[in-house]
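Participant: Sharing a structure with you now.
The values are calculated or read from the model by the stated rules, or taken from the named source; none is laboratory data. Being a predicted model, the structure only gives us computed values, none of them experimental. Note that we place each Cβ from the backbone using ideal geometry, even for glycine, and neighbour counts take in every protein chain shown.
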Amino acid sequence: MPISRRTFVAAAAGVVASPALIGKASAQAQHTFRLHHFLPPVSNGHAKMLAPWAKKIQEASGGRIAIQIFPSMQLGGTPPQLYDQARDGVADIVWTLPGSTPGRFPLSEVFELPFVAGRLGVVNAQAAQEFATRHMADETKDVKLLSYWAHDTGLIHSKKQVTTLDSLKGQKLRFPTRLAGEALKVAGVNAIGMPVPQVPESLAQGVIDGAVVPWEVVPAIKVQELVKYHTNVPGKRALYVATFFLAMNRAKFDAMPDDLKKIMDDNSHMAFAKMAGAMWDTAGAEVKAMVEKRSGNVINTMPEADAAKWAEMCKPIRATFAEGLKAKGIDGAKMIAEAEALVEKYDKPA
């Protein structure tokens, strides 16, 4: 259900925004925007991606733009409603996952196919952003898409150890995207979809046995405290990645003078994607090191032969997806091949 402006104002009055850019700077700004997202302020996405970006925009604009960040859905609604909040002007800018509304943004799912994306966030983020620039304008025409990117490879975090592909069978694992769910199902997993903020309670209550998320997300939802085992799926390509939108209300963007539009554009799109991808990789390595030092947590890698077998089992998912795009008048096989080529383009030594 869409959130009305009245509901938005009431919610906004009852919360305190992140202190990223509030007070003197926002009071002097000609354009103050509210950025809404789904993770807590302690998350890396908030502290190391959105807050630095907001500060950079403020500084580049000489204080004429201020961005106030509202984490943890403080302005109301649920994570799947974030895109519509930006579209409808309930929020000015949102960070969200297109996968929260399965099937609504079909081209965004190309990078979410199993074993298509690369292992590094900085690779996937740049490849996804270039793909979006080429192909996703129509799909996101009701907002100003500031950036589209993907994180690094996801891992399996579970209460029961995953040593082989067969050991996945029967486990109840949370999946973040429709296609990640399909990949888990072909391995015999009881796959359960849910937004990431619901994962801690679901783990604690036994609703799920584990979840697939990248390292970066782990501490924000305390996965390392709720499960013992963390399993990497090896190979050149990722088991799964989730993609993201940084989306802005189009009318709010259009209302800015041209020089401020340029500042927003120059610091978004590929510039933002590079920053986001690098953040995911750096934070992910730090989280992995932290988990390795924890007493009782075990990190292991699935056998390469099992990972290769899993990738082969997922090929029908790709074929079905391509047919689905074809039914919409899109050459699905071409889109997949282009995504893979872009991953190869950016997956090169510097």
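Participant: Against the condition surrounded by fewer than 24 Cβ atoms within 10 Å (Cβ to Cβ), under 25 Å from T282 (Cβ atoms) and modelled with pLDDT under 95, how does P176 come out, does it pass?
Facilitator: The answer is no for P176.
Participant: Looking only at region 92-133, count every residue that is among the basic types (K, R) and either without any contact (Cβ under 8 Å) to a residue 60 or more places away in the chain or touching a helix residue (DSSP H, G or I) at 6+ places or on another chain (Cβ under 7 Å) (or both) and tell me the total.
Facilitator: The qualifying residues number 1.
Participant: Within region 107-165, which residues are within 28 Å of L226 (Cα to Cα), in a helix (DSSP H, G or I) and not charged (D, E, K, R)?
Facilitator: Once the filter is applied, which keeps residues that are within 28 Å of L226 (Cα to Cα), in a helix (DSSP H, G or I) and not charged (D, E, K, R), region 107-165 yields only G121.
Participant: Tell me which helices (runs of 4 or more DSSP H) are completely within region 300-350 and hold 3 or more residues being closer than 21 Å to T243 by Cβ and touching a strand residue (DSSP E or B) at 6+ places or on another chain (Cβ under 8 Å), or say none if there are none.
Facilitator: So the answer is none; nothing clears 3.
Participant: Name the single residue, out of those in region 94-104 being within 22 Å of A276 (Cβ to Cβ) and part of a loop (DSSP other than H, G, I, E, B), that is nearest to the chain's Cα centre (by Cα).
Facilitator: The qualifying residue nearest to the chain's Cα centre (by Cα) is L97.
Participant: Those residues that are among the aromatic types (F, W, Y) and either more than 14 Å from S268 (Cα to Cα) or touching a His at 6+ places or on another chain (Cβ under 8 Å) (or both), I need them from region 47-96; list them, please.
Facilitator: Across region 47-96, the qualifying residues are F70, Y83, W95.
Participant: Residues in region 236-274 that are of a type outside the set (D, E, K, R) and surrounded by fewer than 17 Cβ atoms within 10 Å (Cβ to Cβ): how many?
Facilitator: 5
Participant: What residue, of V241, V207, is out of contact with any helix residue (DSSP H, G or I) (no Cβ under 7 Å at 6 or more places or on another chain) and assigned to a loop (DSSP other than H, G, I, E, B)?
Facilitator: Among V241, V207, only V207 is out of contact with any helix residue (DSSP H, G or I) (no Cβ under 7 Å at 6 or more places or on another chain) and assigned to a loop (DSSP other than H, G, I, E, B).
Participant: Quick check on region 221-234: of everything there that is at pLDDT 95 or above and touching a Ser or Thr at 6+ places or on another chain (Cβ under 9 Å), which residue is farthest from P41 (Cα to Cα)?
Facilitator: P234
Each row is one residue, and each column tells you yes or no for (1) on the phi < 0 side of the Ramachandran plot; (2) more than 17 Å from the chain's Cα centre (by Cα); (3) surrounded by fewer than 23 Cβ atoms within 10 Å (Cβ to Cβ).
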residue: P71; (1), (2), (3): yes, no, no
residue: R87; (1), (2), (3): yes, yes, yes
residue: D92; (1), (2), (3): yes, yes, yes
residue: P106; (1), (2), (3): yes, no, yes
residue: V123; (1), (2), (3): yes, no, no
residue: A128; (1), (2), (3): yes, no, no
residue: H135; (1), (2), (3): yes, yes, yes
residue: D142; (1), (2), (3): yes, yes, yes
residue: A150; (1), (2), (3): yes, no, no
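Participant: What's the total number of residues in region 46-79 that are in contact (Cβ under 8 Å) with a residue 40 or more places away in the chain and charged (D, E, K, R)?
Facilitator: Final tally of qualifying residues: 3.
Participant: Also, I was wondering about something else. Filter region 215-238 for residues that are in a strand (DSSP E or B) and more than 21 Å from the chain's Cα centre (by Cα) and give the result.
Facilitator: If the condition is that a residue be in a strand (DSSP E or B) and more than 21 Å from the chain's Cα centre (by Cα), then Y229 is the only one that fits.
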